[in-house]
Structure formats: structure tokens, C-alpha cells
Amino acid sequence: MASQSASLSPHQRQLLGFSTLLQLQNQARQAKNSAELAFLMVNETVSLLRYRQAVLCRKKASGGPVVEAVSGVDRPNRDAPYIIWVKQLFKHLLKKEKQVKAVTGEELPKALQKGWQEWRTNGLWCPLVAADGEMLGGLWLVRDTPWQEGEKKLLAQLTGVYAHAWQALLHRSTWRRHRRKKGLGRLARFLLLCGAAASLALPVPLTVLAPAQMVPVEPMIVTSPLKGVVKKFHLTPYQEVAAGQPLFSLDETELRNRNEVADKALAVATAEYQRARQKSLIDKDTSLDITILKARVAQKEAERSAVADELGRVTVLAARPGIALFSDVNDWQGKPVVVGEKVLTLADPGQTEVEIQVPMDNAVNLEQGAQVRIFLNTDPSLKIRALIRQTSYEAVAGSDGILAYRVKATLVEGRDQVRIGQHGTAKIYGRQTRLFYYLFRRPWAAARKTLGL
């Protein structure tokens, strides 16, 4: 074709170029989609003027470029070094140049000059600007020979048609995608709404979550038998003890002092009684004093026996085997206690149940025999089930100040996997209800409480 063009006269060459321009413009207007037009721009423009390679870029909404097509290939490799450099070049030219212009390496930033030296060539920047001034992208043409002014004018005419056709195709494809997505979105929303409305009628068990703790069954409360100060603990928390084993001891200093005083008082009373008896052998009138002194001796003996009995109870012994439940030894040593004050608990480790604190505002029908699932904090994967055996008739304030019902449940599965003192979360299953009531029960109750509905 080059030999044929060389053999033509200048007037014939002009007619041929004008015919080619009209043909390309007509093909651009007849393109069915943006991909077909992109292929035309990078591969068929060569019929109007010669170039070695063409690259087409599109400007994104964010302002950055996207390489859409490269001449001679089906799909451009966006990770290729040349494409990466051209993308940076597009980013620079899209901000500044809106006219067809031959680009030289001297006017490029330093970050692009290294790539220009590596791919040294004659480049022509052809911006694709729509009629309303919108920058759609650009066409980059390179060849070994310099670009002529006549060629720039031809490309300015051609790229104007390219930009008009490309804008129409891009807007049409965007509108179709939006319409398709909008139609599918409406159908999906309608189906989702219908499914959500139907699911509100599904039967579900009414459940409630509440904090739970493993507690002993019928524990033995060990209290202080005397008023005094705890002197020593003979065991550690959660230690197994046998019947008769020492648990803790009270300070016996005061009791020993009282015992010595009682012994001396008894000795004095006994001596006075003996002297009165001897005197009565001579003086018969002292018989009345003997009776009083004898009663005083009995009183002092009783006082000494009481003190001796208290001394015998200074060390508290375990009444039955079990494990000792208390917080810490250091919390009790040196602490004053009164008679009947709880010090620790003896429990049978094989007899364990669940104690649940159900908040009053979230309570359901806590019927006897209702199923309970326990999720321990230490290992939530354990399968532990229980049945409610007892529920308090009124809510009481817990340690956190929240009113709650105390519920006790008997373990029916996983008894050997728990120990006394473990904490977790209990899920109580109530009667069957509809999903609508399950979801809106608490908001409904809050609305009635606030608005009086």
C-alpha cells in the first residue's frame, strides 16, 4: 500500500486520505460497543497514517487512567513494564494536555524521563475530549519518524469523532448495566421482603441468655463457733478434706487468760469453802456461810468448764469429707469474726448443679423441667445440658445491683466435665413462639412500659 501511495499524485493522495478519514469516522459511528470501538482506534487508525504502536486509555471517575487496548494484542498485559510506564505517562498528560501534541522527553517529569530514554521514540498524544468538554481518555501513538502538522490536524478531526462515539457507547453501556442492576435489585428486594415477612411466622423456642455458675448441691456452711480472730488456716482453697481434719484455728490468747483467771478464782472459792467448813466444827452459826461458799465454788467450776469448752473449740474440725470452698487464706488470717459468721463451705465435688441469675427484664416462663444449655467460659465447645428444678418466686438484687431471678438446674449431660466454681452462660429454652414475637418481645415491652400502650 505504501508503494501505491508513493505512485499517486499529491492531489490523489489527499483524496485517498480524505476517503480513509470518512471511512474510519463511519466505522466509529457504527461500532456496537466500546470494546469494538477501542479495537478500531488502536488497530484501524493505521490506515490513515503510519505508526508503530497505539495505546488507548480511559479516564476513571477518580481521575486515574485505565489501559483499555493496545494495538496488535487482544488483551493488554497491565503488568508489563512498558504498560506501567505508559499508564504513568497518561496520568501526567490527562491533567495538562487537551490538544493533539507531539511529546518530547525534555518536557516530561523526571520520574518519566528514565522510561522515555529506554523506549526512545516519537510519541503523539491524542486526547479524547467530548463535546461537553469531558475528558474521556487519550490515544498514544508512537513511531520512529517525526510527526507532521498535517497528520496532527487529521488526527484532531478523527479523535473528535472517536470521542463522540466513545462517550455515547460508554453512557449507553453504563445505562444498560444500571437498568439491569436496578431491575434485578428490585426483584431481589421484593423476594427478600417476601421471605422476611414469611419467616416472621416461623415457630422458634423462646430463649434467654443469663450468667451461670457451677455450685454444690446441699453444701455445708462452716461458721465461726466463737467470737475472736482467725489465727491460722490448715488448708488451701479447693482442697479435699476428710472428716475430723482441722480447718482453721482462732487465736486462743484471750481464752487462755480467762482460763487462768477462772482457775485462780476457783482455787480462792475452794479455799474459802474449806476454811468455812473447818470453822463450822467450832461455831455452829457459820453453817449458812458454808452453803453460800459451796454455791460459789460450783459457779467458779462452771465458769472454768465454759472457758475450757471454748478452748476446745478454738480449732474447727471438718464434720464431713468434701472440698473446702473459700476465697483466699490471706483474706481470713488476722480477721476478727463473730459467732455464726460464715468462713468457708464444705461441698461434695460429685454433687454439682447450675445456678443461673436471670435478669428480671429478660425473664421468660421459667418452668420446672425446662431445658438449659451451658456454655462454659473455659471451654464453650463442651456439651452440657441441664433441667430447671427450682426458681425463686421473686427477683433479688445480685452483686452487680441488678434484679434477677435465681434459677437452679440439675445437670443431665456433661456432669463429669464441670467443677464447682466454673462460670459461663446459660441458654434457657422456654415455650414455642413465633419469630415475630421472639424478635419484638423486648422492644414491645419497653414501648408499653414507656408509652403505656
dims of segment 375-453, Cα set, principal axes, largest to smallest, nearest Å -> 49, 31, 23
For the chain, the longest principal axis of the Cα atoms and the Cα long axis of helix 81-96 enclose an angle in degrees, to the nearest 10, of 80 degrees
With x for Gly and Pro, the residue-by-residue ³J(HN,Hα) of segment 319-329, computed from phi through the Karplus equation 6.51 cos²θ - 1.76 cosθ + 1.60 at θ = phi - 60° and given in whole Hz, is 7, 7, x, x, 10, 8, 10, 7, 6, 7, 4
Residue-normalised 222 nm signal for the chain, counting each DSSP H run of n ≥ 4 as -39,500 (n - 2.57), nearest 500 deg cm²/dmol, is -14000 deg cm²/dmol
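Report the calculated FRET efficiency for Arg52 and Asp74 (r = Cβ-Cβ distance, R0 = 22 Å), to the nearest 0.05.
With R0 = 22 Å, the Cβ-Cβ based efficiency is 0.75.
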With the charge dipole of segment 325-421 built from beta-carbon charges (+1 for Lys and Arg, -1 for Asp and Glu) about the Cα centre, the Cα from Val412, Val337, Pro380 projecting farthest to the positive end belongs to Val412
Over all pairs of different Cα atoms in the chain, the reciprocal of the mean inverse distance gives a Kirkwood radius in Å of 33.5 Å
In Å³ per residue, the alpha-carbon convex hull of segment 39-92 encloses 90 Å³
Which of Lys96/Lys152; Lys32/Lys91; Lys264/Lys294; Lys59/Lys91; Lys32/Lys152 exceed 20 Å between C-alpha atoms? The answer is Lys32/Lys91; Lys32/Lys152
Rounded to the nearest 10 degrees, the helix 253-280 long axis (Cα) sits at an angle to the longest Cα principal axis of the chain of 10 degrees
With N residues in segment 2-179, Rg(alpha-carbon) / (2.2 N^0.38 Å) equals 1.04
Between Ala197 and Phe375, the FRET efficiency computed from the C-beta separation at R0 = 35 Å comes out, to the nearest 0.05, as 0.65
Quick calc: nm separation of the 7 Å Cα→Cβ label points for Lys96 and Lys232 -> 9.3 nm
Quick numbers on segment 220-342, Rg and Dmax over C-alpha atoms in Å, give 21.4, 70
Restricting to lysines and to Cα separations under 23 Å from Lys335, and discarding same-chain partners fewer than 8 apart, the set is Lys227, Lys231, Lys232
The answer for trypsin sites (Lys or Arg not before Pro) in segment 386-424 that fall in a DSSP coil and have at most 14 neighbouring Cβ atoms within 10 Å is Arg419
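Just rank Met360, Met214, fewest to most, by other beta-carbon atoms within 10 angstrom.
Sorted ascending by nearby Cβ count, the order is Met360, Met214.
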Ordered by fewest other Cβ atoms within 10 Å, a rough proxy for footprinting exposure, Thr223, Thr352 read Thr223, Thr352
Largest-first semi-axes in Å of the equivalent ellipsoid built from the Cα gyration tensor of segment 208-281 are 51, 14, 12
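Bear in mind that the values in this text are calculations on the coordinates, not laboratory data. Keep in mind the model is a prediction, meaning the values are calculated, not measured. All Cβ positions, even for glycine, are placed from backbone atoms using ideal geometry, and neighbour counts span all protein chains on display.
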